[in-house]
1. Once you list every other residue whose beta carbon is under 13 Å from the beta carbon of Val10, what net charge do they have if Lys and Arg are +1 and Asp and Glu are -1?
2. Determine how large the accessible area of Ser104 is when every protein chain is in place; take a 1.4 Å probe and give Å² rounded to the nearest 10.
3. Tell me the per residue accessible area of region 28-166 using a 1.4 Å probe; a whole number in Å² is fine.
4. Roughly speaking, what is the stretch gain from Arg123 to Glu44, that is 0.36 nm per residue apart minus the C-alpha to C-alpha distance, in nm to one decimal?
5. Considering the Cα trace of region 14-69, what is its radius of gyration and what is Dmax, both in angstroms?
6. Percent of accessible area on the chain owned by carbon and sulfur, 1.4 Å probe?
7. Suppose every K and R has +1 on its Cβ and every D and E has -1 on its Cβ; what is the size of the dipole of region 18-86 about the Cα centre, in Debye to the nearest 20?
8. Give me Rg/Rg_expected for region 68-144, where Rg uses Cα atoms only and Rg_expected = 2.2 N^0.38 Å with N residues.
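The values are calculated or read from the model by the stated rules, or taken from the named source; none is laboratory data. If you're wondering where the values come from, they're calculated on a predicted model, not measured in any experiment. Reconstructed Cβ throughout: ideal geometry from the backbone, glycine too, with neighbour counts over all protein chains shown. We work out accessible area using only protein heavy atoms, side chains counted, and drop any ligands, DNA or RNA first. Shrake-Rupley method; radii C 1.70, N 1.55, O 1.52, S 1.80 Å.
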Amino acid sequence: MDVRLVNLSVDMKERYMNYYLEWKNAGEKMNPGILRNMNPNRFEEMVKALHEFEIGNGAKEVPESVYFLVNEKDRILGAVTIRHSLTERIFNTEGHIGAGIRPSERRNGYATKILELALVKLRGLGIQKALVTCNEDNIGSEKAIIKNGGVRDNDFLESHGNIVKRYWITL
């Protein structure tokens with residue numbers, strides 16, 4: 001599988017808009033969630049904001065690195081956010097890593113691969129154990145977590161009734 005993680009750059013605008021519109025046209029919430037509230041029509045500002053989040057400037061809670069999974073033709077297949085540390089809320093519901101694969105590219109092994117590559121990045125931050133979560137009904141994400149060595153921890157019940165499955169992966 002010839003794929004890699006890259007930072008978003010201004011020269012990726014057309015490819016990102018294609019990726020963004022696919023999520024929008026599918027009627028799904030884009031994952032990872034950090035991308036949902038960003039305005040792609042102000043692309044240069046968005047790119048700058050993502051780079052600032054990585055050093056902690058403007059990040060919601062903790063510094064976060066956002067990478068895009070691209071293939072050999074530089075098509076964006078998915079995105080991943082890597083949280084550099086855990087707050088209580090992140091510990092309970094989100095974990096260190098959140099990812100999403102574009103709708104047309106699912107069931108091709110990319111969820112497993114993006115998680116594998118994200119774990120390498122997380123190890124580079126000095127993290128020794130990664131907490132990775134998924135919603136109870138997200139079977140694809142759960143399979144990707146288990147394939148990457150996920151060991152089940154206690155579930156977390158959110159206030160609205162959603163059950164978050166939590167896994168630890170030793171790096």
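1. 0
2. 70 Å²
3. Numbers: 7300 Å² over 139 residues.
Solvent-accessible surface per residue comes out at 53 Å².
4. Details: separation 79, 0.36 × 79 = 28.44 nm, distance 2.92 nm.
Length difference between fully extended and current span is 25.5 nm.
5. According to the Cα coordinates of region 14-69, Rg and Dmax are 11.6, 32 Å.
6. Values: 4270 of 9250 Å².
Reported share for carbon and sulfur atoms: 46 percent.
7. On the way: 9 positive and 10 negative charges, 41 e Å.
It works out to roughly 200 debye.
8. On the way: Rg = 12.7 Å, N = 77, 2.2 N^0.38 = 11.5 Å.
Compared with the compact-globule rule of thumb, region 68-144 sits at 1.10.
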